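What follows is one structure encoded as structure tokens, with my remarks underneath.
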Amino acid sequence: MTIVLEPCYNGFRQTAFFNNQKKSTNSLKRIEDVISRLPNNPQLIKFVGDEVRFIYEGNHRVILKKYSKHKDRVLYKQVFATVENDPTVVRIRNKNNSKLSKLAVSSFLLITLTGTALGLHNLSKTDSYSTISPSYSVGREDVLANHDDNLIIENDSDLTIENDDVVVDDSNYDLVSRLEQSNKIFKGEITNNSTITIGNNLTESNLTNIVNFINSEVGQYCFNTCEDFGIDPYLFTSLMMQESHLNHSATIPGGNFYNGNGVGICQLENPHGENITAFNYATGEEETLVNTMDAACNEQNNIKMGIMRFQNVLEKYKGNVYLALQSYNYGRGLVDSIICIYADEIGSTYDNVVANLNDFGWMKYVKMAHNNPQSFAKMIDTNKYPEFQITADYLNKWSYDTYGDENYVSNVLSYYIGTYGKNQINDKIIETNYLTNEVVKTSVTEVENTYKF
């Protein structure tokens, strides 16, 4: 039997392989229950690349994924705490993981650059992707490389893992699987979102730019930081693509595309020393960064502050990605006023509008605010909503003909690779199919003292 424990967007995922079966759970309570009953006498502990493998008698195994990054997490410490004997410890430098990752991305780019993948504006409906072996999917390793193992364990029933609270298969979240999803959209096998089309700007050059970023050191930092703050990294990469085309150096002071306002890859507005605070789920604590010009000009700081800001608006709008995106561009005060005006129009409430992912009626007011900021300011009933007086005054003093990007949500999602997004809102994981706006699974997670999962 093999048990794999891996940090993921929704906290931890435990997968058990036995008798040619695979069962998974993301319930912290169930995971801890299995850990508490682990044997205390592993014969060998292997440090292999970025994971740790506990080898027990009969070749039963417990594998801790992403150990080097998450070794201080309580669950990983609990596994080590079960060890009472003095097993052999070996360290193996594992080159296969990096090879798999590079091979996956190289294959991905090769397909793209030869015009057979996602050249959406250049391909006919008869074109399709070349086949990529699933074993080359980024971040997903076949943990049962030797399928001839007879994985039988005593008291098997005690370790059976229920899978009634498993979210959508994690294979939907590696790069190659997302490529395959986008291919199905392209070929018409999956119907695109009728209101906001997904991935329609993934030209060859754009896709190459995105994949190169994902595979870079700063891209990996971005993905890891998104995970720490509960943000869909593919969504945030799309946001940065829209903001700066992923070009940090050109969008800071001295860069060719610096506009004197937004700074860096996340286009942080006017960094004059304001605090940005967000919850870091990896540490279980709130974290505050100061948005100074020096901080914003550092690419990793810029990314982290952008992620933290996005978490703020995503939490404010209860996981409504579309309102959160528009708020990143327009600001919370203006988007709040748009929601209230629309809710009054249809005889609804602010909360109901926020909760309905399929109602895009509020977008007409986004366009109104864009086309004539001063006229929109007059639509705001500051007697009924005095809290919007600052927003109205701000729009009245706006010195440009138009305000913000009226198509910001569509523009961001035009760079989105894949179908599903997963974000954490406080103690819930909200997994959304962006093609249907359907919340696929909302998982209420356990809350522990040292981290919030």
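Among the candidates K452, K367, the residue that is charged (D, E, K, R) and at pLDDT 95 or above is uniquely K367.
Taking every residue in region 328-342 that is under 16 Å from F360 (Cβ atoms) and assigned to a helix (DSSP H, G or I) and pairing it with any residue that is at pLDDT 95 or above and of a type in the set (D, E), at least 6 positions away or on another chain, the pairs with Cβ-Cβ distances below 7 Å are N329/D405. Scoring D228 on the criteria (1) within 26 Å of D174 (Cα to Cα); (2) charged (D, E, K, R); (3) out of contact with any Ser or Thr (no Cβ under 8 Å at 6 or more places or on another chain) leaves a single failure, condition (3).
Please count how many residues of region 287-308 are touching a residue at least 24 places away in the same chain (Cβ under 8 Å) and either of a type outside the set (D, E, K, R) or crowded, with 20+ Cβ neighbours inside 10 Å (or both). The qualifying residues number 12.
For the structure I just gave you, tell me whether K29 is touching a residue at least 24 places away in the same chain (Cβ under 8 Å), of a type outside the set (F, W, Y), assigned to a helix (DSSP H, G or I) and within 21 Å of N280 (Cβ to Cβ). So K29 does not fit the description; no. Selection of region 186-236 for residues being among the aromatic types (F, W, Y) and surrounded by fewer than 21 Cβ atoms within 10 Å (Cβ to Cβ) yields F213, Y221, F223.
What residue, among those in region 257-282 that are part of a loop (DSSP other than H, G, I, E, B) and within 23 Å of the chain's Cα centre (by Cα), is modelled with the lowest pLDDT?
Only one residue fits best here, namely A282.
Results for (1) surrounded by 14 or more Cβ atoms within 10 Å (Cβ to Cβ); (2) closer than 23 Å to Q242 by Cα; (3) not polar (S, T, N, Q), shown as yes or no for each residue.
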{"site": "Y365", "(1), (2), (3)": "yes, yes, yes"}
{"site": "K384", "(1), (2), (3)": "no, no, yes"}
{"site": "L395", "(1), (2), (3)": "yes, no, yes"}
{"site": "T402", "(1), (2), (3)": "no, yes, no"}
{"site": "V409", "(1), (2), (3)": "yes, yes, yes"}
{"site": "T419", "(1), (2), (3)": "yes, yes, no"}
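Looking across region 242-256, the residues that are out of contact with any helix residue (DSSP H, G or I) (no Cβ under 6 Å at 6 or more places or on another chain) and either closer than 21 Å to S414 by Cα or in a loop (DSSP other than H, G, I, E, B) (or both) come down to E243, H245, N247, P253, G254.
Scan I35, I31 and give me the residue that is modelled with pLDDT of 85 or more, over 14 Å from P7 (Cα atoms) and of a type in the set (A, V, I, L, M, F, W, C).
I35
Just a yes or no: is a residue in region 353-371 over 30 Å from L435 (Cα atoms) and assigned to a loop (DSSP other than H, G, I, E, B)? No, region 353-371 has no match at all. Taking the criterion of being over 13 Å from the mean Cα position of the chain (by Cα) and either under 17 Å from Q181 (Cα atoms) or of a type in the set (D, E) (or both), the residues of region 209-241 that qualify are I210, V211, E217. Scanning region 328-349 for residues that are within 25 Å of G219 (Cα to Cα) and touching a Leu at 6+ places or on another chain (Cβ under 8 Å) yields a count of 1.
The values are calculated or read from the model by the stated rules, or taken from the named source; none is laboratory data. As the structure is a computational prediction, the values presented were derived from the model and not from experiment. Every residue, glycine among them, receives a Cβ derived from its backbone with ideal geometry; neighbour counts consider all protein chains shown.
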